[in-house]
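Below: one structure, written as structure tokens.
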Amino acid sequence: MIFPQSPAPRAEEPLRNGPLAHPALDRIRVVTQYLHSADILLIAFVAILSVINLVFSARIPSWWLFIAINSALTGFILWLGFARHSCGSKLLRYVHDWYVAPMVFLSFKELYFMIKPIHFGRDYDGLLISIDRWMFGVDPTQWLMQFAHPWLTEVLQIAYTAFYLLFLLLGYEIYRRKNYDLFHFFMFTCVYGFFLSYLGYFFLPAVGPRFTLHDFAMTNVDLPGLWLTPSMRWFVNWGESVRMNVPNAAAIASAQRDVFPSGHTMMTLVLMYLSAKSHARVRYIIYITGTLLIIATVYERYHYVIDLVGGAAFMLVCVATTVPFYRFTRDKLQTLECQFPPAI
């Protein structure tokens with residue numbers, strides 16, 4: 001049964017040779033027994049980014065710096081896992097359990113410096129626009145302008161920006177249950193889902209309709225909110241390195257290529273799925289906010305509709321593959337989760 005309530009956890013201590021012992025893996029398990037499965041995923045991903053930087057070193061400025069940063073991040077993860085075990089600090093335990101959020105953001109920002117030069121600055125917005133027009137006969141973001149209202153804009157912008165809080169809500173509830181295997185499965189799923197979405201950014205970079213079908217500088221004029229909308233838009237733009245108060249072409253040049261698939265749609269659907277499976281108390285908050293958020297991705301001009309379709313497809317891949325992938329990582333490498341009663 002997936003996601004049962006687990007009994008009280010056993011005290012943390014590293015696993016030794018067990019039924020999964022294998023001579024070829026023993027040396028690896030000396031290290032991985034101190035790590036979460038999400039740690040393994042992060043280390044593997046930054047290693048892949050380092051390889052990509054090396055392969056495209058002729059195109060990526062400062063590629064050597066990113067390899068050095070990735071190596072430092074790997075060292076930090078290894079140190080954190082070992083230090084948590086060595087000193088038994090509750091603070092280090094909390095840091096080790098929750099640090100993945102800023103780590104995922106750091107990897108996201110590394111893509112910012114990689115994707116555009118790898119594609120020689122080419123974007124694929126034209127293709128995404130053509131697909132939307134083929135499906136609907138219009139540009140959906142322009143068609144939705146007839147329903148624009150400051151109250152609606154305010155509510156949808158708040159929902160869109162609340163994306164980052166939804167993860168904390170669900171994660172904190174699971175963590176408070178002391179169902180640690182389920183909590184680390186949740187963290188593993190989130191990291192895995194974000195990394196899957198990055199594949200789309202690598203292969204189909206685009207900036208979105210707020211730059212291509214609309215004048216980015218006129219967003220607050222075309223879609224005015226009430227009180228929080230300008231500040232929240234600034235926050236979203238800051239996270240995507242978008243330059244403000246510049247001509248549209250300059251804004252496009254600075255923007256992150258993170259449109260297809262819609263990571264907001266994909267990961268919101270993943271959160272809805274996980275909250276339903278875990279019977280979380282906050283699931284109705286996630287359902288309502290998440291539904292508004294998905295509508296906001298198009299209404300607020302962040303995405304084309306085909307990006308949402310891609311996000312839903314990527315979500316299905318994520319949900320279908322995460323459980324066996326997590327079990328394989330946890331059981332094969334005897335990661336830290338093996339010390340807790342299994343939840344999946």
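List of remarks:
- Top-ranked residue in region 35-93 [being assigned to a loop (DSSP other than H, G, I, E, B) and farther than 25 Å from H119 by Cα; ranked as nearest to the chain's Cα centre (by Cα)]: H36
- Hey, T219 in contact with a Phe, Trp or Tyr (Cβ under 9 Å, 6 or more places away or on another chain) and in contact (Cβ under 8 Å) with a residue 40 or more places away in the chain or not: no
- Where helices (runs of 4 or more DSSP H) fall entirely within region 118-202, those with at least 2 residues that are within 25 Å of the chain's Cα centre (by Cα) are at 125-136, 150-161, 163-176.
- Qualifying positions in region 256-273 - over 14 Å from G208 (Cα atoms), crowded, with 21+ Cβ neighbours inside 10 Å and of a type in the set (A, V, I, L, M, F, W, C): M266, M267, L269, V270, L271
- Selection count, region 274-298, where residues are buried (at least 21 other Cβ atoms within 10 Å of the Cβ) and touching a Phe, Trp or Tyr at 6+ places or on another chain (Cβ under 8 Å): 7
- Residues of region 230-255 that turn out to be surrounded by fewer than 21 Cβ atoms within 10 Å (Cβ to Cβ) and part of a loop (DSSP other than H, G, I, E, B), as a count: 7
- Set F188, F120, F183: member being touching a residue at least 40 places away in the same chain (Cβ under 8 Å), out of contact with any helix residue (DSSP H, G or I) (no Cβ under 6 Å at 6 or more places or on another chain) and aromatic (F, W, Y): F120
- Checking M232, M244, M218 one by one, the residue that is more than 16 Å from the chain's Cα centre (by Cα), more than 30 Å from R330 (Cα to Cα) and at pLDDT 95 or above is M232 and no other.
- Residue pairs whose Cβ atoms lie under 8 Å apart, sitting 6 or more positions apart in sequence or on different chains, and linking a residue in region 60-83 that is among the acidic types (D, E) to a partner that is in a helix (DSSP H, G or I) and modelled with pLDDT of 95 or more, do not occur here.
- All positions within region 199-222 that are under 16 Å from I129 (Cβ atoms) and of a type in the set (V, I, T): V207, T212
- The residue of region 222-243 that is farthest from I158 (Cα to Cα), among those that are polar (S, T, N, Q) and touching a residue at least 40 places away in the same chain (Cβ under 8 Å), is S241.
The values are calculated or read from the model by the stated rules, or taken from the named source; none is laboratory data. Predicted model only: the values in this text are computed from it and were never measured. Cβ atoms come from the backbone with ideal geometry, glycine included; neighbour counts cover every protein chain shown.
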